[in-house]
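No value in this document is a laboratory result; all are computed from the given coordinates. Predicted model, so just to flag it, every value in this text is computed and none were measured. Cβ sites come from the backbone with ideal geometry, for glycine too, and all protein chains shown count toward neighbours.
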Ligand SMILES: NC(=O)c1ccc[n+]([C@@H]2O[C@H](COP(=O)([O-])OP(=O)(O)OC[C@H]3O[C@@H](n4cnc5c(N)ncnc54)[C@H](OP(=O)(O)O)[C@@H]3O)[C@@H](O)[C@H]2O)c1
């Protein structure tokens, strides 16, 4: 049996189906101060494609291991490492790339995830739920029972926001493309209202909420979709753009800018992490781990692929009609 660990790598930027390859990536034993970490589950994000394609806000040097997020298990630690035991669940180190079956890194660089967080949730605890949490906390000083509106509500950020908003006593209007599929699923998770993109909901927003207008809108699509959100907002409401799934420019309807003083803001989790201290980061992550461990924050999984089928997993992640995230699993033990 081949026990050499593999990695998903790219030597030039481009379309994932053209540039990604599965390659052997040998690891040694951990030296002093180091730990050997084995991947258990990695998650595939739209931003992974931006990194592979060269359009993301920060790019690794080439050749690179693909992937930003996953969970690993410490298999062994080198001399002088204390407080980190084999079996500990940790975030896959992001800088070397997450889609590799094993890596040796400085033990002190590892981020521990409590072992009571289910592995498939731990694999996606660092990008989408924190993005939803920060946008919920940092833009509007809410009163209980206020409304939030978001597009791509069936995305991992959207589903995180639905559950976090419910947890905080806030209500959500959720815009999706496939309302028949997603309305029952999102309502089960705590969504108050689910509407279809092109249903004209923006003309009846007060009927949907019982009279209120949302003060916060989340946009990860762009184009016409964000214009609909802007039209729904209360005076001095804010639209936070954090993704651009259609690639269209975010255009602002002038009358909502002048007569409603609606404000357009942006958010990037990477910048938040770089500009906040370790204690704030750990406190935020602890909240996410607790919610995941108690089952109050759950993200649906579309499909799971073994590591040797990682390229099929990427193809599935880029196909339409997913019902959650695609995971790449690995049970490599050396
Ligand atoms: N700025 C940040 O810090 C930050 C952090 C996290 C995520 N993001 C961004 O947030 C977005 C969502 O990420 P995610 O990981 O939560 O996504 P995800 O779970 O992979 O879901 C993708 C979402 O995009 C929708 N979508 C895809 N193509 C679309 C199109 N052409 N028109 C309309 N909707 C489309 C999908 O709707 P269907 O199901 O209908 O296809 C789905 O709701 C991405 O753009 C991501 O890069 C940004």
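Here is the size of the range 252-334 from its Cα atoms: Rg then Dmax, 19.6, 64 Å.
Straightening the chain between residue 290 and residue 116 buys 61.7 nm, computed as 0.36 nm per residue apart minus the Cα-Cα spacing. Take every Cα pair under 8 Å whose residues are at least 6 apart in sequence, average their separation, divide by the length of the chain, and the relative contact order is 18 percent. Sorted ascending by nearby beta carbons within 10 Å, beginning with the fewest, 48, 270 become 270, 48.
Considering only Cα atoms, the convex hull volume of the chain works out to 136 Å³ per residue. Rg ratio for the range 1-61: its Cα radius of gyration over 2.2 N^0.38 Å, N being its residue count, equals 1.36.
If you take the alpha carbon atoms of the range 186-294 and fit the smallest convex hull around them, that volume is 146 Å³ per residue.
Seen from every direction in turn and averaged, the convex hull around the alpha carbons of the range 1-103 projects onto 7.2 nm².
Compared with the direct C-alpha span, the chain from residue 15 to residue 261 gains 84.5 nm at full extension, assuming 0.36 nm per residue.
Against the main long axis of the alpha-carbon atoms of the chain, helix 156-167 sits at an angle near 70°.
If you fit an axis through the alpha-carbon atoms of helix 179-189 and take the longest principal axis of the Cα set of the chain, what angle between them do you get, 0 to 90°, nearest 10? The angle comes out at about 70 degrees.
In terms of Cα atoms, the Rg and Dmax of the range 222-274 work out to 11.9, 36 Å. Available extension along the chain between residue 331 and residue 309 is 6.6 nm, counting 0.36 nm per residue and deducting the alpha carbon span.
Ranked for footprinting exposure by Cβ neighbours inside 10 Å, fewest first, 162, 113 give 113, 162.
Let me test this: with uniform point scatterers at the alpha carbons of the range 127-270, what is the Debye-based log₁₀ I(q)/I(0) at q = 0.10, 0.15, 0.18 1/Å? The Debye formula, applied to the Cα set alone, gives -0.28, -0.65, -0.99. Footprinting exposure proxy ranking of 274, 9, fewest other C-beta atoms within 10 angstrom first, gives 274, 9. Projected onto their three principal axes, the Cα atoms of the range 90-193 cover extents of 47, 33, 24 Å, largest first. Here the sum of -39500 (n - 2.57) over DSSP H runs of 4 or more residues, divided by the residues of the chain, equals -8500 deg cm²/dmol at 222 nm, to the nearest 500.
The C-alpha atoms of the chain define a longest principal axis, and helix 128-138 lies at about 40 degrees to it.
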